[in-house]
Amino acid sequence: MAHLLIVEDDELLLDGLSAQLMQAGHRITTAQDGQIALDRLQAGAFDGVVLDLGLPRVDGLTVLRSLRQRLPALPVLVLTARDGVEDRVAGLNAGADDYLTKPFNLDELQARLQALLRRASLPAFGASAAPAATPAPSALRLEPHPPRAWLGGEAIDLTQREWTLLDLLLRHAGQVVSREDVFAAWQAEPGESGGLASNALEVYVHRLRRKFAGSALNIRNIRGLGYLLETGGA
Ligand code: CA
């Protein structure tokens with residue numbers, strides 16, 4: 001049994017929905033406009049919401065956005081008018097978990113709602129679930145042989161000089177690494193043939209930036225001092 005809030009201004013439909021869902025064993029609270037829905041949501045705890053988008057006083061999208069701020073995991077099934085493609089998209093963007101287009105079959109509504117409630121009761125989807133893990137910026141890993149970086153499960157091949165530069169920056173992440181330090185690290189590499197052009201650092205920074213374009217990794221130039229690796233972490 002779940003406690004459901006049904007928000008629908010069409011009285012006939014509201015009665016039909018309520019009867020059907022009560023028969024399925026749920027406890028039902030109703031609201032016939034958006035303001036009442038917001039009041040009910042404020043006052044009570046619900047396991048799920050059936051929400052019509054076209055509502056008097058406060059429209060359904062506003063209700064949805066407002067409830068999402070407070071209750072990010074509450075299952076919400078949105079009801080939209082026929083051909084309301086924009087409504088559906090807006091509803092999903094505002095945080096609806098599923099939608100049904102009117103007119104719909106009451107059995108289908110019940111089945112969809114059950115699926116949402118089931119999903120919400122699983123630990124991975126429930127209210128206590130942590131947000132999906134995003135790869136930590138520190139997930140950048142360097143592998144020396146062959147010179148390679150791993151970022152978010154993706155391997156990025158590097159030349160020896162690129163690797164040495166990135167390794168130095170990574171070991172001093174968040175700190176400025178001077179031009180002299182980079183050249184010293186390069187010259188210390190066993191395979192280094194020498195002959196580093198004066199603009200070599202700019203060239204290799206540019207190459208690394210290209211290889212890591214689109215990632216949270218950023219190599220920042222601190223004018224007159226050197227370079228700093230920002231990993232995009234908090
Ligand atoms: Ca309506």
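Since every read-out is calculated from the coordinates, none of them should be taken as a lab result. Note that the structure is a prediction, hence the values are computed from the model and not measured. Heads up, the Cβs are rebuilt from the backbone with ideal geometry, glycines too, and the neighbour counts pull from every protein chain shown.
Could you tally the net charge around Phe183, taking each other residue with its Cβ under 14 Å from the Cβ of Phe183, Lys/Arg +1 and Asp/Glu -1? My count for the surroundings of Phe183 gives -3.
Relative to the current alpha-carbon distance between Thr101 and Lys211, full extension at 0.36 nm per residue lengthens the span by 35.0 nm. If both residues of a DSSP beta bridge must be in the chain, then about 45% of such bridges are antiparallel. Spacing of the modelled spin labels on Leu225 and Arg57, each 7 Å from Cα toward Cβ, amounts to 5.7 nm. Could you check the simple spin-label distance between Ala115 and Asn93, using points 7 Å along Cα→Cβ, in nm with one decimal? Taking the simple label geometry, Ala115 and Asn93 are separated by 2.4 nm.
Coupling constants for region 101-116 follow from the phi torsions by the Karplus curve (6.51 cos²θ - 1.76 cosθ + 1.60, θ = phi - 60°), and in residue order they are 9, 6, x, 10, 8, 4, 5, 5, 4, 5, 5, 5, 5, 4, 4, 5 Hz; glycine and proline get x.
The stretch between Leu12 and Asp181, if pulled fully straight at 0.36 nm per residue, gains 53.2 nm over its current Cα-Cα span.
If you average the sequence gap of Cα pairs under 8 Å that are 6 or more apart and divide by the length of region 40-98, what percent do you get for the contact order?
39 percent
The Ala155 and Glu192 beta-carbon pair, evaluated with R₀ = 22 Å, returns a calculated FRET efficiency of approximately 0.40.
The phi torsions of region 4-15, fed into the Karplus equation with coefficients 6.51, -1.76 and 1.60 and a -60° offset, translate into couplings of 10, 9, 10, 10, 7, 8, 7, 4, 5, 5, 4, 5 Hz, rounded to whole numbers, with Gly and Pro shown as x.
Under a 5 Å amide H cut-off, with hydrogens placed 1.01 Å from N, Leu100 pairs with Val78, Leu79, Thr80 among residues at least 5 apart or on other chains. Extension gain for His3 to Arg27 (0.36 nm times residue separation, less C-alpha to C-alpha distance): 8.2 nm. Backbone phi angles across region 84-90, fed through the Karplus curve with coefficients 6.51, -1.76 and 1.60 (θ = phi - 60°), yield HN-Hα couplings of x, 4, 4, 4, 4, 5, 4 Hz in residue order; Gly and Pro are listed as x.
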